[in-house]
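Bear in mind that the values in this text are calculations on the coordinates, not laboratory data. Quantities reported herein were computed from a predicted structural model and do not represent experimental measurements. For neighbour counting, all protein chains shown are included, and Cβ atoms are generated from backbone atoms with ideal geometry for every residue, glycine included.
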There are 2 protein chains.
Amino acid sequence: MKLFNKVVIIGVGLIGGSLGLAIKKKRLANKVIGVFRSKDTFLKAKKRKAVDEGSFDLSCVKDADLVVLAGPVKTITAHIKLIANLVNRNCIIIDVGSTKSNILKSAQKYIKNDNIFVGCHPLAGLEKRGVVNADSGLFEDSICIVCSKNKPNSKIISFWKHIGCRVITMDAKRHDRILALTSHVPHVLAFALVNSVPKDFVQFIGSGFKDTTRIAASDVEVWNDILLDNKNLVLDSLRNFGNQLDRLAKAIKKNNTSSLAKLIKKAKTKRVSFK
Amino acid sequence: MKLFNKVVIIGVGLIGGSLGLAIKKKRLANKVIGVFRSKDTFLKAKKRKAVDEGSFDLSCVKDADLVVLAGPVKTITAHIKLIANLVNRNCIIIDVGSTKSNILKSAQKYIKNDNIFVGCHPLAGLEKRGVVNADSGLFEDSICIVCSKNKPNSKIISFWKHIGCRVITMDAKRHDRILALTSHVPHVLAFALVNSVPKDFVQFIGSGFKDTTRIAASDVEVWNDILLDNKNLVLDSLRNFGNQLDRLAKAIKKNNTSSLAKLIKKAKTKRVSFK
């Protein structure tokens, strides 16, 4: 079902590239154009067939009816500013960044025409990056959180459903609060845990430690942007985590077997319930 | 190669059961006897063929030439006391518990004959427990840490090599220090992280959070015992982890992009290097 004529994806990495593949596979647009900064990425994207055509010039958005902003959060906000006056009136702009409040604020500030801006966050990803790892099925059966100031745009909701997502709408602040705890804090913990391991302990690391820290191999720029952009809620969630950690540490310190068992059991029961 | 005539495994769960299967597969003993507390576990172990015979009486150790103590740490120390005066002079006793210092202390205190006691920790495991999940290949290509007061017993080293492990000997304190950081702290973090998630956030949990907290589904009794038994080193390692966490939190708080990027990059580089 053709929902759009010309889709322009700015930032054809893991997420942008996977979206390009999915749009093409589901035939949701007549044409998918990727905007690239480097020829190298363009050639990789072409090889992966993630886009139909490539451009090195943002002005190719001018006759698009959907522009997708992908990449690190700061890159997205920079692109909002740059494309605001290039797009047609009928063009819908979405982003697929990992935070939402500041991106929506930027959009509100710079996109002055009648253009509709919808903040989107498909909850899919990998610790790998780059269009070489793009996968048309990446978003299949995942949740896409949609945040917009006004009533959520029905065409965009339909778009994500066609991509294979379950769409949940909420305000940007709630999105950022949820993600701070479910995604951002786990990354911070993984970074800290890896950094606390002396070199000569590394050979003794087993599958538990490896799973716990898999996401510590994530992209530096992406995570630097996310953690600083969602700073207050990340610090807030770290405090909540810290309180739970303190309860466990206290039970250990005081040899409080029953209290410790209760806390472990609570975690086990909850964790086992995750699908 | 028959290294032993009669092996008795006390505690036929995931580890004890997998060891039974491996001993039988590699034909390292003429007979493998399991000691059980419940008929239910005995029947499960029999069905899995993890042991040749079962017994509900610890006195079956009396003509064994190898006794393996498995199960939670407290159960192991309790069994050391109970079998100390039941075994023959030529019997070697090993344990496969997750901590070593206190187990070796117990052995030293109660095993008064000429019996050799060797503390062993094959670094293999799952968040699942029980003989139903036992697997003859569980220890294949993993490290087995061997701790003993005197020169490591060559027969036991040979035993673990036949099982498929790379054997590393060290003193019990070093073992406990390494495992505190590489295994015990990750569990505490996983418990705390799961406990800090509100119920209504659970549907938004993605693969990153799931991997980070997989080990939070571990057994309550086993982990209660480990964390209390290795209390001081666990608290010590938690402090080291906390210092690393503080550095990240500080960089976030102060919007220190370069310092944050440095810490993330350090973690990424190290994590990617893990095999």
Could you tally the net charge around B:Ile163, taking each other residue with its Cβ under 9 Å from the Cβ of B:Ile163, Lys/Arg +1 and Asp/Glu -1? +1
Helical mean residue ellipticity (222 nm; -39500 (n - 2.57) per DSSP H run of 4+; nearest 500) of the protein assembly as shown: -14500 deg cm²/dmol
A correct Karplus calculation of ³J(HN,Hα) over region A:2-17, with 6.51 cos²θ - 1.76 cosθ + 1.60, θ = phi - 60°, whole Hz and x for Gly and Pro, returns 6, 8, 9, 7, 10, 9, 10, 9, 9, x, 9, x, 4, 6, x, x
List the aspartates and glutamates whose Cα sits under 12 Å from the Cα of B:Lys149, skipping any in the same chain fewer than 8 residues away. B:Asp171
Report, in debye and to the nearest 20, how large the dipole of region A:209-270 comes out about its Cα centre when Lys and Arg carry +1 and Asp and Glu carry -1 on their Cβ. 840
Less than 11 Å Cβ to Cβ from B:Ile145, Lys/Arg counted +1 and Asp/Glu -1: what total charge do the surrounding residues give? +1
How many percent of Cα pairs in region B:130-218 exceed 19 Å? 60
How far is A:Ser55 from itself in the other copies, in nm, if each label sits 7 Å out from Cα along the Cα-Cβ line, shortest first? 8.1
Restricting to Cα pairs under 8 Å and 6 or more apart, the percent relative contact order of region B:174-273 works out to 35
Assign unit charges at the C-beta atoms only (+1 for Lys and Arg, -1 for Asp and Glu), then state the dipole size of the protein assembly as shown relative to its Cα centre in Debye, rounded to the nearest 20. 60
Quick one: what Rg and Dmax do you get for region B:174-273 from the alpha carbons, in Å? 15.4, 44
Could you give, in nm with one decimal, how far B:Asp40 is from each other copy of that position, shortest first, with labels 7 Å out from Cα toward Cβ? 5.9
Run the quick spin-label model on A:Val202 and A:Lys2: label points 7 Å from Cα toward the beta carbon, then report their separation in nm to one decimal. 5.4
Amide H neighbours of A:Ile145 at under 5 Å, excluding residues fewer than 5 places away on the same chain, with H built from the backbone geometry, are A:His121, A:Leu123, A:Ile168
Report the one residue of B:Val197, B:Ala267, B:Leu233 whose Cα lies farthest in the direction of the positive end of the charge dipole of region B:174-273 (charges on C-beta: Lys and Arg +1, Asp and Glu -1; origin at the Cα centre). B:Ala267
In range of the label at B:Lys31: residues from region B:57-72 whose backbone nitrogen is under 15 Å from the point 7 Å along Cα→Cβ: B:57-67
Measuring from centroid to centroid over Cα atoms, what is the spacing of region A:212-230 and region B:1-68 in Å? 47
To one decimal in nm, how far is B:Asn232 from the same spot in the other copies, if labels go 7 Å from Cα toward Cβ? Please give the shortest first. 4.5
Gain upon complete extension [B:Asn255, B:Glu53; 0.36 nm per residue less C-alpha separation]: 66.3 nm
Quick one, can you get me the convex hull of the C-alpha atoms of region B:15-144 expressed as volume per residue in Å³? 102
Per residue, the convex hull volume that the Cα atoms of chain A enclose (Å³): 143
With the convex hull built on the Cα atoms of the protein assembly as shown, state its orientation-averaged projected area in nm². 26.5
